[in-house]
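Since the structure comes first, as structure tokens, the remarks are kept for the end.
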Amino acid sequence: MSSEVSSQWQGRLAITGMGLVTPVGLQANAALAALRAGVSRLEALPGTALAISDTETEAIRGAQVHRLTDGLMGQTRNAAMMKPALAECLQDADINPAMKLGLFLGTSGSNPNDRILNYDDQVKKNLLKCIPADQTLSLARLIPAGRTSVLEAIRHAAQELDQGTIDIAVVGGSDSLVTPRTLKWLREQGKLPEHPRHTGTIPGEGAGFLALERPEQANTRGTISYSTITASAGEVESAQWGEANNGVALARAIRKVSSGVEDAHALVLSDLDGERYRAMEWAMAEPKGMWKYSTIDHWHPADCLGDAGAAMGALLLAWGSVALAKQYSRTQRVLIWGAADGGSREAVMLETNGVAP
């Protein structure tokens, strides 16, 4: 069956389970409570002191998952975060082993600029090792779209659910930007906020997974949903990474998922990570893409846990869903958007179910 998927989808998908591993918490409840409280784990990363004068050094600041990943590099490190996050999600969703499971893993791409060795083969092996032996795995697919991959995975999951290929989908990712090889790559690309420049990527890491299913099935199973995904859209920005752009691609994606929305208060979650050009893109896209609102809140978890690469979409979806479920969102809808260095721009709309898990 073809893996081609439309760039736009509307419908209803219930989020019935989640699992997270982050620098601010090793489980979803702890991590999301920390994000709500503004708890930051940004710190001077060990072994990264750089000379900025004859007498001064400056360390790269970022956020890392302690203990669980100590001493681990590359895909071994990603797997150490992936396994508990996926296990928590499967348990939270209370998935019957007989249900046909589809797993959609967001990745940084088959050759993520050489920052991780043996990428494709090891990703697939690690993913399959994380699946419980009694689980009916009907489909496993990598979505190599970098920071926006989990948001794009929603449309792949919706297509397979609509076709009956699977009964339940799990979307997510695990990624790290704080290993020595990755930090070296970020520095060579000029992506770090090094002296005298004070804007740039805040390196972080993490893993996150969410279970998606049709709302009618969730009701039949008696499973409580955190929120409902009602729309997903993707566009492509032609400007290269770091180049100024007019925000049209991002605005188009936002308009596609927010058609008809008239909420007076807007809550937006995004993967802004400290890079100036990305903030400028949002400044250009916001007046073109957003509906008319009176007030707005804009949350970006990189403030607390850095840029977690391909896991960012899962972190955004989880935080937005729990904000709706626990009713601290101040609105009935949450707009989520992401932007990848490769040009992908994604937007997703979440709606409340009116029930707090």
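The values are calculated or read from the model by the stated rules, or taken from the named source; none is laboratory data. Because the structure is predicted, anything quoted here is derived from the model rather than measured. All Cβ positions, glycine included, derive from the backbone under ideal geometry; neighbour counts span all protein chains shown.
In region 261-287, what residues are more than 15 Å from residue 336 (Cα to Cα), outside any helix (DSSP H, G or I) and in contact with a helix residue (DSSP H, G or I) (Cβ under 9 Å, 6 or more places away or on another chain)? Hit for region 261-287 is 274, nothing else. Residue 205 satisfies every condition listed in (1) surrounded by fewer than 19 Cβ atoms within 10 Å (Cβ to Cβ); (2) among the acidic types (Asp, Glu); (3) over 26 Å from residue 6 (Cβ atoms) except (1). The numbered conditions (1) assigned to a helix (DSSP H, G or I); (2) modelled with pLDDT of 95 or more; (3) surrounded by fewer than 18 Cβ atoms within 10 Å (Cβ to Cβ) are all true for residue 251 except (3). So which of 42, 72 ends up being surrounded by 13 or more Cβ atoms within 10 Å (Cβ to Cβ) and touching a helix residue (DSSP H, G or I) at 6+ places or on another chain (Cβ under 6 Å)? Among 42, 72, only 72 is surrounded by 13 or more Cβ atoms within 10 Å (Cβ to Cβ) and touching a helix residue (DSSP H, G or I) at 6+ places or on another chain (Cβ under 6 Å). When the residues of region 95-126 are filtered to those that are assigned to a helix (DSSP H, G or I) and acidic (Asp, Glu), which remaining residue is modelled with the lowest pLDDT? Checked region 95-126; the qualifying residue modelled with the lowest pLDDT is 120. When you check residue 293 against the structure, is it assigned to a loop (DSSP other than H, G, I, E, B), touching a residue at least 12 places away in the same chain (Cβ under 8 Å), under 20 Å from residue 38 (Cα atoms) and not aliphatic (A, V, I, L, M), yes or no? No; evaluated as a whole, the condition is false for this residue. Just need a number here: residues in region 280-332 that are touching a Ser or Thr at 6+ places or on another chain (Cβ under 9 Å), surrounded by 23 or more Cβ atoms within 10 Å (Cβ to Cβ) and of a type in the set (D, E, K, R). The number of residues fulfilling the criteria is 1. Residues in region 317-343 that are modelled with pLDDT of 95 or more and in contact with a Gly (Cβ under 7 Å, 6 or more places away or on another chain) were compared, and the one that is nearest to residue 185 (Cα to Cα) is 338. Just one residue in the set 205, 237 is of a type outside the set (A, V, I, L, M) and touching a Ser or Thr at 6+ places or on another chain (Cβ under 6 Å); that residue is 205.
Conditions (1) on the phi > 0 side of the Ramachandran plot; (2) in a strand (DSSP E or B); (3) under 19 Å from the mean Cα position of the chain (by Cα), marked per residue:
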| site | (1), (2), (3) |
| --- | --- |
| 137 | no, yes, no |
| 141 | no, yes, yes |
| 154 | no, no, yes |
| 170 | no, yes, yes |
| 174 | no, yes, yes |
| 198 | no, no, no |
| 212 | no, yes, yes |
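Checking each residue of region 297-316 against the condition of being over 19 Å from the mean Cα position of the chain (by Cα) and part of a helix (DSSP H, G or I) gives no match.
Beta carbons closer than 9 Å, at least 6 apart along the sequence or on distinct chains, never pair a first residue in region 302-320 that is under 22 Å from residue 330 (Cβ atoms) and assigned by TED's automatic domain parsing to the domain that holds residue 36 with a second that is assigned to a helix (DSSP H, G or I) and small (Gly, Ala, Ser). Within region 254-291, being modelled with pLDDT of 95 or more and among the basic types (Lys, Arg) holds for 255, 256, 288.
The one condition from (1) within 25 Å of residue 24 (Cβ to Cβ); (2) touching a strand residue (DSSP E or B) at 6+ places or on another chain (Cβ under 8 Å); (3) of a type outside the set (D, E, K, R) that residue 302 does not meet is (2).
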